[in-house]
Structures are given as C-alpha cells and as structure tokens.
Amino acid sequence: MEAQLDANSPVIGKVLRDLELPEGSSVAVVVRDEHAIVVRADTTLRAGDKLLAVTSAEHEAELRSLLIGE
C-alpha cells in the first residue's frame, strides 16, 4: 500500500522502530523529496514523505489508519 504523509499524520516525527505496525506489516520504501531512501529502524518520518508498505489485505485498513489517521 501507499501512504502520503501530511502535517496531520499521527506518525510525523516518529521513528520507524517505535511504530506498532500490524502483524506481518513493514515499511519497504520512503520517498522523500522525490528520492527513495533506505528504510532503517531509526528513520524519522516527515510531512511530505510517501511510504510504500507491505501488509496483508486483512491489515491494510489498520495500517492506513496508523500512518495517515483515516
């Protein structure tokens, strides 16, 4: 799934390792300023980041809610 983070996203300023992702989910790529960056546990999420994440259909809504607050 793809998630575009804006200033109101609940994960802005958080470090990836601190997120409680649904079981079997992971953030694969962060696109920042039109450049893919290597995802590490200490990557801090910023407004404007686009996340490409892997999850099951069962957990997609939960993951989307966590990342963008919908």
Counting just the residues of the stretch 35-47 that are out of contact with any strand residue (DSSP E or B) (no Cβ under 9 Å at 6 or more places or on another chain) and assigned to a loop (DSSP other than H, G, I, E, B), which one comes out least open to solvent (accessible area, probe 1.4 Å)? Ala47
Residues of the stretch 1-28 being exposed (fewer than 15 other Cβ atoms within 10 Å of the Cβ) and not in a loop (DSSP other than H, G, I, E, B), which ones? Glu2, Gln4, Val15, Arg17, Asp18, Ser26, Ala28
Is it the case that some residue within the stretch 48-63 is outside any helix (DSSP H, G or I), over 12 Å from Met1 (Cα atoms), modelled with pLDDT of 95 or more and under 12 Å from the mean Cα position of the chain (by Cα)? yes
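Taking the conditions exactly as written (surrounded by 13 or more Cβ atoms within 10 Å (Cβ to Cβ), β-branched (Val, Ile, Thr) and in a loop (DSSP other than H, G, I, E, B)), does Val31 satisfy them or not? Steps first, answer last, please.
Working: surrounded by 13 or more Cβ atoms within 10 Å (Cβ to Cβ): yes; β-branched (Val, Ile, Thr): yes; in a loop (DSSP other than H, G, I, E, B): no.
When the stated conditions are applied, Val31 does not pass them.
The values are calculated or read from the model by the stated rules, or taken from the named source; none is laboratory data. All of these numbers come straight from a predicted model, not from anything done at the bench. Note that each Cβ is placed from the backbone with ideal geometry, even for glycine, and that neighbours are counted across all protein chains shown. We work out accessible area using only protein heavy atoms, side chains counted, and drop any ligands, DNA or RNA first. Shrake-Rupley method; radii C 1.70, N 1.55, O 1.52, S 1.80 Å.
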